[in-house]
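What follows is a set of notes on a single structure, which appears directly below.
The values are calculated or read from the model by the stated rules, or taken from the named source; none is laboratory data. Because the structure is predicted, anything quoted here is derived from the model rather than measured. Note that we place each Cβ from the backbone using ideal geometry, even for glycine, and neighbour counts take in every protein chain shown.
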Amino acid sequence: MATRVRPSSKRCAVIGGSGFLGRHLVEKLLERGYSVSVFDIRQSYELPGVTFHQGDLCDKQALLPALKDVSLVFHCASPAPASDDRGLFERVNIQGTRIVIQACIEAGVQKLVLTSSASVVFEGTDIKNGREDLPYARKPIDYYTETKIEQEKLVLEACNTERGFLTTAIRPHGIFGPRDPQLVPILVDTARRGKMKFIIGDGTNLVDFTFVENVVHGHILAAEHLRQDSPICGRPYHITNDEPIRFWDFMSEVLVGLGYAAPRYHLPYSLVYGLALLLWLLALILRPLFSFKPTFTPMRVALAGTHHYYSCDRAKQDLGYKPIVSLKDGIARTVESYPHLRQGA
Ligand SMILES: NC(=O)C1=CN([C@@H]2O[C@H](COP(=O)(O)OP(=O)(O)OC[C@H]3O[C@@H](n4cnc5c(N)ncnc54)[C@H](O)[C@@H]3O)[C@@H](O)[C@H]2O)C=CC1
Ligand SMILES: CC(C)=CCC[C@@H](C)[C@H]1CC[C@H]2C3=C(CC[C@]12C)[C@@]1(C)CCC(=O)C[C@@H]1CC3
């Protein structure tokens, strides 16, 4: 009689493993003795101990070989939030996640850890020490957030302890660190174009920025604590640095660290938000004629001018989570890692 080989608990797959967070996660998993199968639409590096599978996660037949003999899957693939392509977000984050779940079940995967986002509850207004029981945003501020909400629901609802398919979702916020293609590069580009002179609002709004290694730590703790009898099954967890900082102090520290001037002049929040909305509408109307991408989108203005920081007490209690890199060290390591983005480089 053929016996089914139980996948090794040290063999896992990272969907989106070529990306910023995905690659940091892969590196830490290797360090911890896992062998890793990466599935991504592109291959951005090579590492011993990693098997790459290139393909679109919406294609189940392409995905299945990457999940063979794997007991644990991390799903951290998504189109970039800066994209304005509603169809792409719906296809990858919603339909694609359905396919990821089906493929995991078909391949006999036991645990699925989704990278969600704390933004699933953000509607553009203040969130102070938000807990996981806040309702999902009723009016999500962009397509990215709208589809991250649906994605998280799909993964958490798929949790089935009786059938032995366990799921959880990590909600990080404002990930930064070496190799981030988004936060620091966009910030520096904006500064180089002379547009980083202004503080939106009074500049006192507190925000979470989370060093990438803390996010990775939260993911691995979640995976290792995910058992049939644990409270983690089917629940989301905020993972932050647990050190809310003024949005504009964070931006200034990074800018000054890289040799740029910190923003100084204040502009009223409602004025900038209104202008960003107008520009976004204009870009939408003019899209058939020519395309332009405004730097200050309504989402970015809302993130820059409101409080949005989250409690990670639930992760502390259920996962034993505690940040392993402080904000100060995280910022220093990030600034050091971008010599090519320094003023004058
Ligand atoms: N960067 C941030 O501040 C935050 C990110 N997140 C979430 O963390 C996850 C990782 O984000 P990052 O590493 O920052 O992004 P990233 O863009 O660096 O990585 C995403 C990866 O997904 C891959 N991908 C996209 N579409 C795919 C498809 N159809 N099939 C296969 N692979 C595909 C990309 O090629 C890329 O390598 C995402 O789910 C994102 O929503 C959540 C909160 C904050
Ligand atoms: C105002 C301005 C031009 C600031 C430049 C920095 C921004 C590009 C980042 C500041 C906060 C960041 C952030 C995200 C993307 C990059 C920023 C807007 C996310 C939207 C990425 C995806 C998420 O899930 C939530 C993040 C919140 C913070």
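Do we find a residue being of a type outside the set (F, W, Y), modelled with pLDDT of 95 or more, within 30 Å of G17 (Cβ to Cβ) and in contact with a Lys or Arg (Cβ under 7 Å, 6 or more places away or on another chain) anywhere in region 222-233? Yes, there is a match, as at least one residue in region 222-233 is of a type outside the set (F, W, Y), modelled with pLDDT of 95 or more, within 30 Å of G17 (Cβ to Cβ) and in contact with a Lys or Arg (Cβ under 7 Å, 6 or more places away or on another chain). Of all residue pairs spaced 6 or more apart or on separate chains, those with beta-carbon atoms under 6 Å, a first member in region 299-328 that is farther than 25 Å from H225 by Cβ and a second member that is crowded, with 18+ Cβ neighbours inside 10 Å and of a type in the set (D, E, K, R) are M299/D142. Residues of region 260-302 that are within 14 Å of ligand 2 (Cβ to nearest atom), in a loop (DSSP other than H, G, I, E, B) and at pLDDT 95 or above: Y260, A262, P263. When A66, A82, A77, A62 are screened for being of a type in the set (A, V, I, L, M, F, W, C), closer than 30 Å to A283 by Cα and either in contact with a strand residue (DSSP E or B) (Cβ under 8 Å, 6 or more places away or on another chain) or exposed (fewer than 14 other Cβ atoms within 10 Å of the Cβ) (or both), only A77 passes. Considering (1) within 24 Å of C12 (Cα to Cα); (2) in contact with a strand residue (DSSP E or B) (Cβ under 9 Å, 6 or more places away or on another chain), the lone condition that G164 does not fulfil carries the number (2).
For region 98-114, the condition holds for no residue, the condition being that it is within 11 Å of ligand 1 (Cβ to nearest atom) and of a type outside the set (A, V, I, L, M, F, W, C). Restricted to region 105-175, the set of strands (runs of 3 or more DSSP E) holding at least 3 residues that are within 15 Å of ligand 2 (Cβ to nearest atom) comprises 166-172.
Conditions (1) within 16 Å of ligand 1 (Cβ to nearest atom); (2) in a loop (DSSP other than H, G, I, E, B); (3) in contact (Cβ under 8 Å) with a residue 24 or more places away in the chain; (4) within 22 Å of L30 (Cα to Cα), marked per residue:
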{"position": "V184", "(1), (2), (3), (4)": "yes, no, yes, no"}
{"position": "G218", "(1), (2), (3), (4)": "yes, no, yes, yes"}
{"position": "Q228", "(1), (2), (3), (4)": "no, yes, yes, no"}
{"position": "G234", "(1), (2), (3), (4)": "no, yes, yes, no"}
